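In what follows, a structure is listed as structure tokens, so that the remarks can point back to it.
Throughout, read-outs are computed from the coordinates displayed, never taken from laboratory work. For clarity, every value in this text was computed on a predicted model and none was experimentally measured. In this analysis, Cβ positions are derived from the backbone assuming ideal geometry, glycine residues included, and neighbour counts consider all displayed protein chains.
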Amino acid sequence: MFGMGLIKGLGVTLKHFIGTYIDDIRWLGRGRYYNEQALEQRQGPKARGVFTVQYPEEKLPVPEEFRYIPFLLYEENEDGTHQDRCTSCGICAKVCPPQCIWIVRSNDPETGRPVPEPTDFFIDIDICMNCGLCAEYCPFDAIKMDHDYELASYDRFQHHIFNKERLSKPVSYYAQIRPHNYQREEQERAEKEAAKAARRKE
Amino acid sequence: MTEETKTKAEDPIVARFKDQVSMDDRQAYEGYLVKPENLIEFARTLKEELGYDYLSSVTGVDYLPDEKLEVVYHAYRTSGGPAAVFKVQVPRAEPVVPSLVPIYPGADFQEREAWDLLGIRFTGHPDLRRILLWEGFEGHPLRKDWREAYFEEERKPFKNRWPEGNVYRVEDKKAFGKNVSYPDEFTPEGWVPEGEQSLYAALEASEQIRSGNGNGREDELGEEVVVNLGPQHPSTHGVFRMVVTLDGETITSLKPVMGYLHRNHEKIGERNTFLMNMPFTDRLDYICSMSNNFGYALAVEKLMGIQPPERAEYIRIIMAELTRIVNHLWAIGFLLNDLGAFFTPALYVINERELILDVFEAVSGSRMMCNYFRFGGLARDLSDDALQKIKEIVNNRLPAKVDELDVYLTGNEIVRTRGEGVGVLTAEQAIDYSAAGPVLRASGVAYDVRKADPYSIYDRFDFDVAVRPNGDVYDRYLVRIDEIRQSLRIVQQAVRDIPGGEYQTGKPQYQVRVPAGESYGRVENPKGELGYYVVSDGKPNPWRYHVRAPSFINLTGMEQMCIGQKIADVVAILGSIDIVLGETDR
């Protein structure tokens with residue numbers, strides 16, 4: 001019969017419409033919005049009805065591997081001073097596809113040898129394409145991809161070239177946003193150091 | 001037994017053409033070298049007698065040190081099997097090659113592209129105009145001695161990034177003036193767009209070829225009207241323009257105009273190192289970044305002679321097939337948008353797409369710009385959590401949702417009347433115009449690279465090639481639904497059988513060694529055959545990097561599909577081809 005296909009299709013629309021309310025009733029009293037459990041259920045493969053996220057009141061949790069604009073890691077010493085992990089070897093600047101990383105390396109005025117810590121470090125975040133290659137190939141785990149994606153600002157000419165000060169974040173922050181990666185890397189580092197120490201003994 | 005496995009002397013094609021054709025015996029090159037004067041005859045024999053009916057790719061390479069330009073053709077049989085590669089070399093000072101459009105109409109846009117970007121003139125081409133760039137453009141940018149406006153150095157990494165780190169903004173450099181050059185006697189202020197006139201002339205010429213008489217206009221009752229659809233039009237899926245001639249409401253000729261999003265991906269690719277190109281491929285067809293990565297990784301791995309480990313192959317296939325599901329859901333949703341069902345169907349399918357994008361984000365770190373493949377493996381392993389999530393989606397959720405979509409749309413009378421018999425491309429036409437992917441298969445040609453010339457480990461999976469006979473908008477929709485089901489089958493098998501082990505061969509390297517040579521890596525992208533033609537000269541950067549973009553080449557048959565249709569159907573036909581402008585314009 002002509003029109004049956006249309007009616008069947010409208011049935012699907014009605015199902016979607018009703019599904020939303022069924023879920024609302026099921027979550028009555030627990031709050032279907034503005035809490036983490038509800039958000040996870042609504043976004044997961046068992047969800048029914050609407051998926052809308054009430055941004056910015058609700059934010060989707062980002063997975064550990066999520067990558068957005070690199071940052072530099074520094075160790076916090078016990079005396080309160082900071083030690084950059086970066087040795088200004090320049091691999092990130094070489095591997096960067098849009099070439100948005102500039103590193104200033106300086107030489108020791110007395111010995112003339114390069115100072116390991118970079119004098120300054122710039123990333124033009126307008127050019128950065130968030131590919132994550134810098135973090136992937138850094139041999140010192142000194143540059144990592146951030147989770148902070150809310151970077152809007154009023155003036156791109158003033159604020160969008162990040163310098164070393166703006167880019168640097170403590171290792172503890174990294175351990176917090178990427179716990180699994182952090183643990184794995186620390187373990188690898190410990191193993192390497194142990195092997196080195198063993199070799200030295202010999 | 002193919003031509004490749006025989007020795008040079010007994011190669012039937014070389015034997016037949018004697019001193020007109022020779023094998024390309026450069027190190028790690030393949031195929032035949034044909035003289036320009038024999039090209040037409042050679043191509044005709046290849047097509048009509050040897051059965052290479054499908055011209056996949058036409059492109060050019062600038063061999064500056066040899067003062068030569070080379071045109072490279074890849075032809076296939078639609079019954080399957082490896083390529084017949086043939087090349088024509090012409091002097092750089094006078095690059096003239098006979099056009100293959102009379103034999104393979106699918107060469108049309110690709111030859112125009114080679115003219116536009118490399119300045120190779122194709123004699124006998126019916127409409128040789130620039131295609132991606134505008135006519136006030138000076139030079140042919142893919143020539144090796146051409147330099148772009150913000151030229152820094154021949155190849156990355158640029159020297160001022162490290163160790164001095166002289167930071168600057170591109171805007172601070174002079175944007176105009178010395179950075180931009182125009183042809184002689186060209187003043188931007190006094191410019192009259194001649195390109196428009198040649199475009200309209202081409203439109204008229206194409207109509208005359210079709211109607212077969214020189215003055216069709218006088219015979220008509222009413223006057224014909226030229227209508228521009230786009231470039232700013234919500235239903236063109238981006239900045240894409242179509243110029244149509246109308247007789248009343250009926251289309252008599254149509255020319256697509258593109259290049260508004262052109263950024264010369266290939267030139268950027270030649271400045272980049274091999275690895276740097278990987279994230280750039282994400283941005284071609286930005287709906288399917290995973291399978292874009294796949295094609296490029298295959299091409300370079302072929303040159304390097306490495307194989308990814310077993311686990312990586314499985315993960316690659318899972319990701320590529322999930323991408324196909326994502327793409328087809330998106331295409332169906334937006335086809336319905338074009339038909340007038342404003343966003344309800346689109347949002348229902350986007351719901352499902354979001355679940356897959358969540359997986360991509362957990363695996364690769366980004367929802368759309370995945371950048372997940374590496375030469376010889378992957379960027380990182382697939383976690384158990386993510387695998388569990390994929391299992392849940394492909395085993396429990398999506399099959400029911402696809403059935404629901406089927407009930408929702410397939411029988412719908414509006415979809416059927418708008419789709420059936422609209423935008424028909426017959427099987428012969430589809431092959432001639434080098435259409436690929438769902439467009440080709442909806443015309444009854446069971447050609448799928450995954451079956452015809454299997455790559456990776458596709459030969460281990462049990463799936464069918466989705467084919468529909470009618471070649472209209474409705475069949476293209478149905479093929480996509482079928483392909484989603486087939487992709488689900490493949491992913492279900494892959495997540496069941498996935499082995500443990502390494503996900504990368506060797507140590508990850510940022511400077512890969514790619515031996516000199518050429519390779520063509522092709523995959524069945526959701527939109528059609530995606531090919532990467534890569535030439536390496538042993539340096540860290542590719543000498544030539546070309547993308548055979550399915551959304552670009554599928555548009556070659558657009559005019560054929562639209563002739564005789566109503567203007568209101570153009571949007572539906574375009575939606576059924578499913579183009580992405582990031583890939584069309586590159």
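So for each of B:466-472, B:124-130 I average, over its residues, the number of other beta carbons within 10 Å; can you give me the resulting order with the highest mean first?
Packing proxy ranking, top to bottom: B:466-472, B:124-130.
Order the peptides B:55-66, B:340-351 from the highest to the lowest mean number of other Cβ atoms within 10 Å of their residues.
B:55-66, B:340-351
Connecting C-alpha atoms closer than 10 Å in a GNM of chain A, tell me which of A:Thr81, A:Thr13, A:Thr52 has the biggest fluctuation.
A:Thr13
Evaluate peptide A:119-132: per residue, the Cβ atoms of other protein chains within 10 Å of its Cβ; return the mean as an integer.
4
What is the sum of charges around A:Tyr33, taking Lys and Arg as +1, Asp and Glu as -1, for the other residues whose C-beta is under 12 Å from the C-beta of A:Tyr33?
-2
Place a +1 charge on the Cβ of each Lys and Arg in segment B:108-157 and a -1 charge on the Cβ of each Asp and Glu, then give the dipole magnitude about the Cα centre in debye, rounded to the nearest 20.
Its charge dipole is roughly 100 debye.
Students often get this wrong: which residues of segment B:246-262 have the backbone nitrogen under 20 Å from the point 7 angstrom along Cα-to-C-beta of B:Val227?
The answer is B:246-258.
Between B:Thr426 and B:Arg147, what's the calculated FRET efficiency when r is the beta-carbon distance and R0 is 41 Å? Round to 0.05.
0.35
First select every other residue whose beta carbon is under 12 angstrom from the beta carbon of B:Arg468; then total the charges, Lys and Arg +1, Asp and Glu -1.
Result for the neighbourhood of B:Arg468: -2.
Calculate, in nm to one decimal, what A:Glu40 and A:Lys192 gain on full extension: separation in residues at 0.36 nm each, minus their alpha carbon distance.
Here the segment from A:Glu40 to A:Lys192 would lengthen by 50.8 nm.
7 Å from Cα along Cα→Cβ at both B:Lys539 and A:Ala152: what's the point-to-point distance in nm?
Simple spin-label model gives 4.4 nm for this pair.
Tell me which residues come under 5 Å, amide H to amide H, from B:Ser57 once H is placed; ignore anything under 5 positions away on its chain.
Amide H neighbours of B:Ser57: B:His74.
Within 10 Å of each Cβ of A:53-62, how many other protein chain Cβ atoms are there on average?
1
Sequence neighbours fewer than 8 away in the same chain don't count; with that in mind, list the lysines whose C-alpha is under 19 Å from A:Lys8.
In chain and number order, the partners are B:Lys401.
From the backbone phi of segment B:565-582, what are the Karplus-calculated ³J(HN,Hα) couplings (6.51 cos²θ - 1.76 cosθ + 1.60, θ = phi - 60°) in whole Hz, Gly and Pro given as x?
8, 7, 4, 5, 8, 4, 5, 5, 5, 4, x, 6, 6, 6, 9, 10, 5, x
Just order B:34-43, B:418-427, A:14-23, B:477-486 by mean Cβ neighbour count inside 10 Å, highest at the front, would you?
Final packing ranking: B:477-486, B:418-427, B:34-43, A:14-23.
Would you work out which of B:Ala297, B:Val439, A:Ala194 lies farthest towards the positive end of the dipole of the protein assembly as shown, given +1 charges on the beta-carbon of Lys and Arg and -1 on that of Asp and Glu, about the Cα centre?
A:Ala194
Taking a threshold of 18 Å on the Cα-Cα distance, which of the pairs A:Lys164/B:Lys159; A:Lys164/B:Lys156; B:Lys255/B:Lys566 fall above it?
A:Lys164/B:Lys159; A:Lys164/B:Lys156
Provide the gained length on full extension for the span B:Glu249 to B:Ile457, in nm with one decimal, where the gain is 0.36 nm per separating residue minus the Cα-Cα distance.
Value of the extension gain: 70.0 nm.
What ³J(HN,Hα) values, in whole Hz, does the Karplus curve 6.51 cos²θ - 1.76 cosθ + 1.60 give for segment B:399-413 when θ = phi - 60°, with x put for Gly and Pro?
Values, residue by residue: x, 5, 5, 5, 4, 4, 4, 4, 4, 5, 10, 4, x, 4, 5 Hz.
Enter the mean number of other protein chain beta carbons within 10 Å of the beta carbon of each residue in A:40-49, as an integer.
3
When chain A is treated as a GNM, springs tying every alpha-carbon pair under 10 Å, which of A:Pro97, A:Pro45, A:Pro61 comes out with the largest mean-square fluctuation?
A:Pro45
With r defined as the distance between the Cβ atoms of B:Gln208 and B:Thr123 and R0 fixed at 22 Å, what FRET efficiency is calculated, to the nearest 0.05?
Using R0 = 22 Å, I get an efficiency of 0.60.
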